[in-house]
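Scroll down for the structure; my scribbles are underneath it.
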Amino acid sequence: MVLALVILYSIEAVSVAESSASGAVAAASGSAVQQGGSEASDAAVKQGESAASDEQSIAEEQAWVESMQSEDMSGDMSTLAEDSVIAADEVRASLQAQKAAGDAAALKAVKKAERAATYKVDPDKPMVALTFDDGPGKDTKRILKLLKKYKGRATFCVLGNRVEQYSGTIKQMNKQGCQVMGHSWDHKLLTKLSKAKIEKQLSRTADAIEDVTGEKPDMYRPPYGGLNKNVKAVSKELGQSILMWSLDTLDWKYRNANTINGKVMSGVRDGSIILCHDIHSTTADAMEKTIPALVKAGYQLVTVEELMDAKGIKPLPGKRYSQG
Ligand code: NI
């Protein structure tokens, strides 16, 4: 009898070992899961058969399953509730930021479409982008009048600290289809600044321009063309492309209308981005020659945005562009 019990015990032990081995395989293999499942249900059926009443067993099983389910669900729900309480403010802020960014992008697309409908650019004809830095100044209006007279547009890279004082001039730029972008707040060499200070120079200027034109610029020109890794990284973070130039008039140095005009007319080609400064009266004097001369030579006077579009260039944040 004792021997028989020992033998029975041994058989049961082997069976348990097999069953757990099968469980381990089941976890590792899909087909084994099915096998494991059918073994489990066989066991349940056997257990059910040996129970006093099948109905009672089924009812107990059902109650147990239901209690487990409701426990699981209440567990999930309480976790969700805790998470949502913790994250509610972050989610709300993120949604608001997304909406604001979406609104700004949508507004920009509408304004860009309006400009494209108003100012026709022929992509098959030569074009140049005149750009004016460091202003606005008292001579900027003269340049705007010339542009209007010759049905041209230009790009003004303004200093943030001049925007409020010259808001009327900036509105006029916008009205004439000219492009307005920043040139830092107060002409600091950005490569000498911390990332936080670079960020402030750029975003404060972009915000000031947006306050006047209703449109946030997505490109800027760094003072002295100064760029390094930090400046590029901040530009990228702020969604700002970087504008350079391909033709430097050195107008700040020559201060002579004929010399400046000669520099432009001898160096210009299709796609040129021409660097000038509208704070010098000699530059405005030069434009009285240069603007009609460029038009006569067959150049369309376009903004940087129009130039990029016509040449199929899509400016990316943190990247620099010097010609079309
Ligand atoms: Ni400058």
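Brief remarks follow.
- For Asn161 and Lys149, the difference between the fully extended length at 0.36 nm per residue and the C-alpha to C-alpha distance is 1.4 nm.
- Evaluating 6.51 cos²θ - 1.76 cosθ + 1.60 at θ = phi - 60° for every residue in region 159-169, the Karplus couplings come out as 7, x, 6, 10, 4, 5, 4, 10, 4, x, 5 Hz, glycine and proline recorded as x.
- Among the listed pairs Lys138/Lys175; Lys149/Lys216; Lys120/Lys319, those beyond 21 Å (Cα-Cα): Lys149/Lys216; Lys120/Lys319
- Per-residue ³J(HN,Hα) for region 310-318, Karplus 6.51 cos²θ - 1.76 cosθ + 1.60, θ = phi - 60°, Hz, x for Gly and Pro: 5, 8, x, 9, 10, x, 10, x, x
- Net lengthening on full extension, Leu189/Lys229 (0.36 nm per residue, minus Cα-Cα): 13.0 nm
- FRET E, pair Leu250, Val121, Förster distance 35 Å, beta-carbon r, rounded to 0.05: 0.80
- Pairwise centroid distance, computed over Cα atoms, of region 136-153 with region 205-249, Å: 22
- Per-residue Cβ neighbour rank within 10 angstrom, fewest leading, Thr282, Thr290: Thr282, Thr290
Every number in this text was worked out from the coordinates using simple rules, so none of it is lab data. Computed from a predicted structure; not experimentally measured. All Cβ positions, even for glycine, are placed from backbone atoms using ideal geometry, and neighbour counts span all protein chains on display.
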